[in-house]
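Contents: one structure, followed by commentary.
The values are calculated or read from the model by the stated rules, or taken from the named source; none is laboratory data. Only a predicted model underlies this, so the values are computations on that prediction, with no experimental measurement involved. Backbone-built Cβ (ideal geometry, glycine too); neighbour counts: all protein chains shown.
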Amino acid sequence: MSEVEVASEVEEELHHPHKAAGAEKPYPNQVYAWYVVGILVLAYTFSFIDRQILSLLVGPMKRDLGISDTQMSLLQGFAFAVFYCLAGLPIGRMVDSRNRVNIISIGVFVWSVMTALCGTAHAYWQLFLYRMGVGVGEAALSPAAYSMIADYFPPKRLGFALGVYGMGVYIGAGLALIIGAAVIGLVSGGGDIVVPIFGEVYAWQLTFFIVGLPGILIALWVWTVKEPERRGYMRKEIAEDGTETAVEVPVSEVFAYMRVNWRTIAPLNVCYALSAMMAYGVAAWIPTFFVRTYDWTYPQAGWWYGWIIVVFGTTGVVAGGWMGDVLTNRGIRNGRMMVCAFTGLAALPFTVLYPLMDSPWMALLLICFSTFFATFTTGAGPSALQELMPNQMRGLASAALIFVVSIVGLGLGPTSIALATDYIFGDEMMLRYSLVYVPAVILVLAVTAGFLGLKPYIGSLDYLKRWSAEHEK
């Protein structure tokens, strides 16, 4: 038997430890599975529109509410990110033993209602409270979605499926810029609009209604999806009538498992988080870079960069997931980790060159390549984590990954570039050089972390196989 065949057999045993005993049922109809992914992509898209739209309404909101830059930054960062992270961990625990469809449906409903309620706010404390609610609601989506997709698709297609799901990030972020570019023109002159039930509102408040309310329909749509059967090793209780119910694995056992595999999980988390830090950082400042460097307007910069994110971000995340599948199916067992490690190298030359271009159009062209390669990790990273963890540990492990990515990516990405501009170069017109040096350092560190995880990754796959065999009833 060839090495490729042996590796394929090992992977089958790894993901289907009950298959030989006839206990594993066939995977769901793949047409229906892709239908579910489509719904999840739509939900993910709206989550990022709701998350990002605030950053493009700073001017009119400050003008109409009389709030400061610091107060606006708390709405964009602290109010959302902290509660998004804190809620993610207990929700991740629920994902491992409870109905994931219900968790997602409730989460979509909560963040959509809270986004719409931002349109009713007439005081700062109200906006802060509603943004907290948006963060709590959105924390329910990805841990449950990752877990569901891993049960809907066989391992050889998992990376591609998770890559397609990851498209929602870039479709949503891009559309937020495109919508924001249009909204800036609408709200720039101030004025009020009459909305049925709510009466007279500011134009920026109407934007929250427009992007928030459709999410209620998406929540109802998600609720119609079938909960997939959990696969891989699971701890179960069998009732007298033969009904099997998943039993919650103790938190201590989950963290003990992660601790044994820390040499794999830590580099994977760090590599993914640093890649996100670079992506969030440049995304926050590229429109301003075009305004300061090429004298573009914000609507013009938002329009062009928004479409780059939509097109090249989505193709990049799908390509990253697909490439991880290809390498794994060819017998390279750490293929998904390899994609995470090499993506920074591929993105690096384009990332450091575009800020130095004399022509804005040449800069946009290089940003296309930088965005494409930088998003590979978004497709390969989550599928690698699902591959490493037993079924009833995936939700908490995914929530922990999202926690790290959010704190490092959202919390440090935009700020690291701003600090370089303000305190290293001391001139806002030197932003282009901050966009050269800071992302370069971050990408080198991400690549280093990825390479450190390559050898331990194979050991963790072997450990999962042994662990599943030992715990199988």
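For region 328-347, name all the residues that are out of contact with any Asp or Glu (no Cβ under 9 Å at 6 or more places or on another chain) and under 16 Å from CYS271 (Cβ atoms).
Filtering region 328-347 down to residues out of contact with any Asp or Glu (no Cβ under 9 Å at 6 or more places or on another chain) leaves 330, 332, 334, 337-347.
Hits for region 328-347 are ASN334, MET337, MET338, VAL339, CYS340, ALA341, PHE342, THR343, GLY344, LEU345, ALA346, ALA347.
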Within region 63-107, residues being at pLDDT 85 or above and β-branched (Val, Ile, Thr) number 6
The lone condition PRO349 fails out of (1) touching a Phe, Trp or Tyr at 6+ places or on another chain (Cβ under 7 Å); (2) under 17 Å from PHE312 (Cβ atoms) is (1)
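Can you list the helices (runs of 4 or more DSSP H) lying wholly within region 75-181 that have 1 or more residues being under 19 Å from LYS226 (Cβ atoms)? First the steps, then the outcome.
On the way: elements: 78-95, 100-118, 124-138, 141-152.
Those helices (runs of 4 or more DSSP H) span 78-95, 100-118, 141-152.
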Residue count, region 394-409 (criterion: among the hydrophobic types (A, V, I, L, M, F, W, C) and either under 11 Å from the mean Cα position of the chain (by Cα) or buried (at least 24 other Cβ atoms within 10 Å of the Cβ) (or both)): 7
Would you call LEU464 modelled with pLDDT under 85 and either of a type in the set (A, V, I, L, M) or under 22 Å from SER383 (Cα atoms) (or both)? no
List the pairs whose first member sits in region 445-473 and is within 24 Å of LEU348 (Cα to Cα), whose second member is of a type outside the set (Gly, Ala, Ser) and surrounded by fewer than 17 Cβ atoms within 10 Å (Cβ to Cβ), and whose Cβ atoms are under 7 Å apart, counting only residues at least 6 apart or on separate chains? VAL447/LEU345
Within region 273-294, the residues that are farther than 17 Å from ALA374 by Cβ and among the polar types (S, T, N, Q) are THR288, THR293
Yes or no: ASP50 under 20 Å from GLN205 (Cα atoms) and either among the basic types (Lys, Arg) or in contact (Cβ under 8 Å) with a residue 12 or more places away in the chain (or both)? yes
Among VAL260, VAL291, VAL251, VAL318, which is out of contact with any strand residue (DSSP E or B) (no Cβ under 7 Å at 6 or more places or on another chain), under 23 Å from LEU162 (Cα atoms) and in the same structural domain as PHE373 (by TED's automatic domain parsing)? VAL318
Scan region 271-303 residue by residue and report those that are surrounded by fewer than 21 Cβ atoms within 10 Å (Cβ to Cβ) and not in a loop (DSSP other than H, G, I, E, B). ALA284, THR288, VAL291, ARG292, THR293, TYR294, TYR298, PRO299, GLN300, TRP303
